[in-house]
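Remarks on the structure that follows.
The values are calculated or read from the model by the stated rules, or taken from the named source; none is laboratory data. All figures in this text were calculated on a predicted structure; none of them were measured in a lab. All Cβ positions, even for glycine, are placed from backbone atoms using ideal geometry, and neighbour counts span all protein chains on display.
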Amino acid sequence: MKKVLSGNEAVSQAVRLARVQVISAYPITPQTTISEKLSELCGSGELDARFVKVESEHSAMATLVGAASTGVRTFTATSAQGLALMHEILFWASGARLPIVMVDVNRAMAAPWTIWCDQTDSVAQRDTGWLQFYCWSNQEILDTVVCSFRIAEQLLIPTMVCFDGFFISHTNEPVDIPEQKQVDRFLPPRKAEYLLDTKAPRTFSGGTMPNMFMEFRYKLHAAFERAQSVIDDIYKQFHKSFDRQYLPVEAYHAKDAEAVLIVTGSAASTALHTVNKLREQGRKAGILRLRQLRPFPAESLIDHLPAEAVIGVLDRNLSPGTGGVFSQEVRAALLRKGVHRPVHEFVAGLGGRDITADNIEKMFDALENGRAESSKINWVGLNR
Amino acid sequence: MSKFVAFKTLAEMPELPVSEARMSWNKTGSWRSSTPAHRGKLPPCNFNCPAGEDIRGYLDLMKRGKVAEAFNLLTEKNPLPAVCGRVCYHPCQTDCNRQSFDTELQIRSVERLIGDWGISKAYRPELPPVGPHKVAVIGAGPAGLAAAHYLRQRRVSVTLFDENEKPGGILEYGIPSYRLDKDTLKAELDRVLDGVEFKPQKRLGRDMELRDLAGYDAIFLATGAHKSKKMFVSGEDTKGVESGLGFLKRINSGENIDLNGKQVAVVGGGNTACDVARSACRLGGQVTVLYRRTENEMPAFAEEIEEMKAEPIDLEFLVAPFKIESTGNRLKLSCHRMELGEPDEDGRRRPVVVEGNDFDMTVDQVFAAIGEDPDISFAGGLVYNADWTLDLSGVEDNLRDKLFIGGDILPQPRTVPHAVASGRMAAEQIDAFLKGVPFEPAARVTEVAGAEDVNFAYFSRLNAARRAHLRDELKSSSDISAAADEANRCLSCGVCFECDNCYNFCPDLAVVRTPGGYRANLDYCKGCGICAKECPSGTLGMQGGRAV
């Protein structure tokens, strides 16, 4: 059934369809309407889940760590400072291999105080051992949240689904909401091999000596290494069941492109619009939309990279002193595969600033005429 | 670390950091530096109840819908719930920890509803057969009733003597029927005296002597305090001057008294004065209460004063009559104006005459209600010492050994629940005496759970509208479910009510359910204190050290 939903509403519907059993969340803009809707669904009985009210995001995540340990399916949503407050428990969730699914509605990190969008909040959690997906449409959000439960539960890695605050969270689009039966067939109840059970008590994540700690980290990393094939497989099944296809890297006019821009999130749709315009002018512009930060889809990216194109990366985030995180990741991926090509990073749209079609056209201009720097940040839309 | 698992290969290791088997060998209790323990505090209601009722206990049973069990628990200590639910001055409510939260529990109303439930169901616990012992109880007031009842419960054959036609003493002949209706009283006393032989119109010293009771194995004397104190005012014996207690007894005996259009003066500020004034008012009298101090010093219970003030009764404070003269049909009452001086031995400020301010009142009737003294002159051989202790040296030896005394004869507060407690404890003591075993009264807990012990986060406040009407609603309710609703507000101060919080919150599963409560499994209790912190009633506390 198609309905016009905001990005946040799409999340709530996905959580309902996934038959999540424990939700714990603390309100924070622009995420709040997700947990509000979920509490309504729990209250009305449409979702048979325990909604645990907490006093902070730290407690929200800690609650899910406890709940997920008992073998149930769990969910939370947050943004910016809320995500940062969870930081410590994010490691706990991944180290304990708990398949928690969380939505992060991307919002810039204060200070100065802001509620507007950029991706610095989630990219800053890159090293906590979570899978990270980035969405550009409300339909993709619903589908990704549903798939995330299967991915997380199969890999025993917690999963974060990210999308841009306000640009997506509060913008309405038609969304096809699948039938419950259809989702049930695709996403069976969670089966936990190890679970907290007082009848067969075990100690979880207890004191671990140096003789074993490293091995557990190795196993977690190994799970990340096989993650891409599991993800691909699950999305393939999703495609079969729901007739909607998602790939780790989605290409648009990339094959013959002379300048390719790697993008994530809502900026991808502006970039798509811009590419259409440039193509009409006969310019060979293309885009690659990354859907994942972890696992980083290196192979897929290289497969799609046109051999001769100038490469640009649009980062709506900043690691001060270094640059955009996606640019760093792209560089690292290329080098690891022995591909020595310059990567031009564009930083734009921080703290909710619009990334306009003009901005993106300027990026293509710079890539085409060789004026883009490859050794430092190319700031776009900055008032100098 | 006594069980160390070494994995040879990575594949042997579990995917996540989880123990391969139980970890119960690891006695984490050895890390403990403090230990959960029952604080052993008493709820303030229980602590303050003169009758010794387990109020918290029967409120808990009411919460669980166990009315019969609640009735049984209540009447284990007080056989008169319908009576006390109406006339008790409810000290149980005074320190209720709900006070600081919303409003105190209306315990007296709950007690009344439980008592009335017993009456409406004609509830009667099964009587055990009588054993070999016989006891005489003299005086069928609250103390005598309680003693007779509990002795009979303990298989003793009891004969209850009273000078009046009906049992009840002050309940029947003192307390006005608008406070305690006769039907309720009769119904309750029928149950209380189940299996007890009642002998009416037997007055000690008139119809029988102590020595006539020598055939009984024990004698309990509880004839009360009903000798009205003298005002020591000239003309006190003038016609038209009567003791308040005598007046109440005449009303309660069914005499037709008409005070229509009469000016009535009631002298005194105690509970009897309130009853007399309100009764006279109901009989048509224009009533003025004369009290020599101010309202603050009135010995009557606050609630009785409030109720009296709600009626068309004049209160004259700082007034003391000193002379009464007959003026044909009427009485001239000469009074001093008083003022408050230094505090006397009981801490109340002493009234002092203001010279030159005397005045006269003309009235038709004067009731003196300035207090009552016990009288045992009729008993033969018993004498009061100056400090109101008893000198039994004049009692024959064979009687003295088995003579027990209680109720208002003793120097204790003159309230129904105090008398009931006295009677009940006499029954326990006499029972021990009959069995030839030493009497050991239960040790009394002296620590009371205060508001600081309660975790109010677990309770919800009454809204302001309910709060305003709660007392009146419950007072007028006749629905036992109202008692259950009210009992639901009980905080169970200091006493476990098996909420499972400690059990649920313990991060180490070290709280074990036991019949009627919980115990800490000290092998694994790390002493984190969460159980105590999350104990709503403040039952649990933490004690320093590894052991309790």
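Some values worked out for this structure:
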read-out	value
Test set (1) buried (at least 24 other Cβ atoms within 10 Å of the Cβ); (2) within 26 Å of B:Gly450 (Cα to Cα) - B:Gln93 fails condition number	(1)
Residue within region B:506-521 that is under 30 Å from the mean Cα position of the chain (by Cα), surrounded by fewer than 19 Cβ atoms within 10 Å (Cβ to Cβ) and free of Cβ contacts under 8 Å to residues at least 24 places away in the same chain present	yes
All positions within region A:76-86 that are part of a helix (DSSP H, G or I) and more than 11 Å from A:Trp130 (Cβ to Cβ)	A:Ala80, A:Gln81, A:Gly82, A:Ala84, A:Leu85
Any hit, region A:128-144, residues being in a loop (DSSP other than H, G, I, E, B), within 12 Å of the chain's Cα centre (by Cα) and closer than 24 Å to A:Glu215 by Cβ	yes
Total residues in region A:133-176, condition more than 17 Å from A:Pro30 (Cβ to Cβ) and touching a Cys at 6+ places or on another chain (Cβ under 6 Å)	1
Yes/no for A:Leu187 being within 14 Å of another protein chain (Cβ to nearest Cβ) and either surrounded by 16 or more Cβ atoms within 10 Å (Cβ to Cβ) or touching a Cys at 6+ places or on another chain (Cβ under 7 Å) (or both)	no
Filtered residues of region B:89-117 (kept if acidic (Asp, Glu) and over 15 Å from B:Ala464 (Cα atoms))	B:Asp95, B:Glu111, B:Asp116
Close pairs from region A:313-325: first on the phi > 0 side of the Ramachandran plot and not assigned by TED's automatic domain parsing to the domain that holds A:Leu261, partner surrounded by fewer than 21 Cβ atoms within 10 Å (Cβ to Cβ) and at pLDDT 95 or above, Cβ under 6 Å, at least 6 apart	none
Any chance B:Pro36 is within 23 Å of B:Cys525 (Cα to Cα) and buried (at least 21 other Cβ atoms within 10 Å of the Cβ)	yes
Restricting region A:190-247 to residues that are within 14 Å of chain B (Cβ to nearest Cβ) and aromatic (Phe, Trp, Tyr), the residue that is farthest from A:Leu290 (Cα to Cα)	A:Phe204
Which numbered condition A:Leu272 misses (of (1) surrounded by fewer than 16 Cβ atoms within 10 Å (Cβ to Cβ); (2) without any contact (Cβ under 8 Å) to a residue 24 or more places away in the chain; (3) of a type outside the set (D, E, K, R))	(1)
Given (1) touching a residue at least 12 places away in the same chain (Cβ under 8 Å); (2) more than 23 Å from A:Pro112 (Cβ to Cβ), index of the condition A:Arg353 fails	(2)
Members of region B:421-449 found to be assigned to a helix (DSSP H, G or I), over 13 Å from the mean Cα position of the chain (by Cα) and not aliphatic (A, V, I, L, M), listed by number	B:Glu428, B:Gln429, B:Asp431, B:Phe433, B:Lys435
Residues that are touching a Phe, Trp or Tyr at 6+ places or on another chain (Cβ under 9 Å) and assigned to a strand (DSSP E or B), drawn from region B:204-245	B:Leu204, B:Met208, B:Ala218, B:Ile219, B:Phe220, B:Leu221, B:Ser234, B:Val241, B:Glu242, B:Ser243
Enumerated strands (runs of 3 or more DSSP E) restricted to region B:256-330, each holding at least 3 residues that are loosely packed, with under 15 Cβ neighbours inside 10 Å	B:319-327
Matching residues, region B:371-420, being touching a Lys or Arg at 6+ places or on another chain (Cβ under 6 Å) and in a helix (DSSP H, G or I)	B:Asp408
Top-ranked residue of region A:280-297 - restricted to ones that are among the hydrophobic types (A, V, I, L, M, F, W, C), in a strand (DSSP E or B) and without any contact (Cβ under 8 Å) to a residue 60 or more places away in the chain, ranked as surrounded by the most Cβ atoms within 10 Å (Cβ to Cβ)	A:Leu288
Counted residues, region B:331-362 - those being in a strand (DSSP E or B), under 39 Å from the mean Cα position of the chain (by Cα) and either outside the structural domain of B:Leu259 (by TED's automatic domain parsing) or without any contact (Cβ under 8 Å) to a residue 12 or more places away in the chain (or both)	4
Selected residue [under 21 Å from A:Val325 (Cβ atoms) and free of Cβ contacts under 8 Å to residues at least 12 places away in the same chain] from A:Ala124, A:Ala111, A:Ala84, A:Ala80	A:Ala111
Verdict on A:Gln154 being closer than 28 Å to B:Ser19 by Cβ, of a type outside the set (Ser, Thr, Tyr) and either more than 9 Å from chain B (Cβ to nearest Cβ) or out of contact with any Gly (no Cβ under 7 Å at 6 or more places or on another chain) (or both)	yes
Filtered residue count, region A:194-237, keeping only those that are within 16 Å of A:Pro99 (Cβ to Cβ) and surrounded by 16 or more Cβ atoms within 10 Å (Cβ to Cβ)	13
Tally, over region B:188-209, of residues that are surrounded by 14 or more Cβ atoms within 10 Å (Cβ to Cβ) and over 25 Å from B:Arg155 (Cβ atoms)	5
First in region B:444-463 and touching a residue at least 40 places away in the same chain (Cβ under 8 Å), second anywhere and outside any loop (DSSP other than H, G, I, E, B) and of a type in the set (S, T, N, Q), Cβ under 9 Å, 6 or more apart	B:Val445/B:Asn46; B:Val448/B:Asn46; B:Val448/B:Asn48; B:Asn455/B:Asn501; B:Tyr458/B:Asn501
Which listed residue, of A:Ala333, A:Ala372, is touching a helix residue (DSSP H, G or I) at 6+ places or on another chain (Cβ under 7 Å) and part of a loop (DSSP other than H, G, I, E, B)	A:Ala372
Any chance A:Ser94 is touching a Gly at 6+ places or on another chain (Cβ under 8 Å) and assigned to a helix (DSSP H, G or I)	yes
Given (1) outside the structural domain of B:Lys332 (by TED's automatic domain parsing); (2) surrounded by fewer than 20 Cβ atoms within 10 Å (Cβ to Cβ); (3) closer than 25 Å to B:Thr415 by Cα, index of the condition B:Gly246 fails	(1)
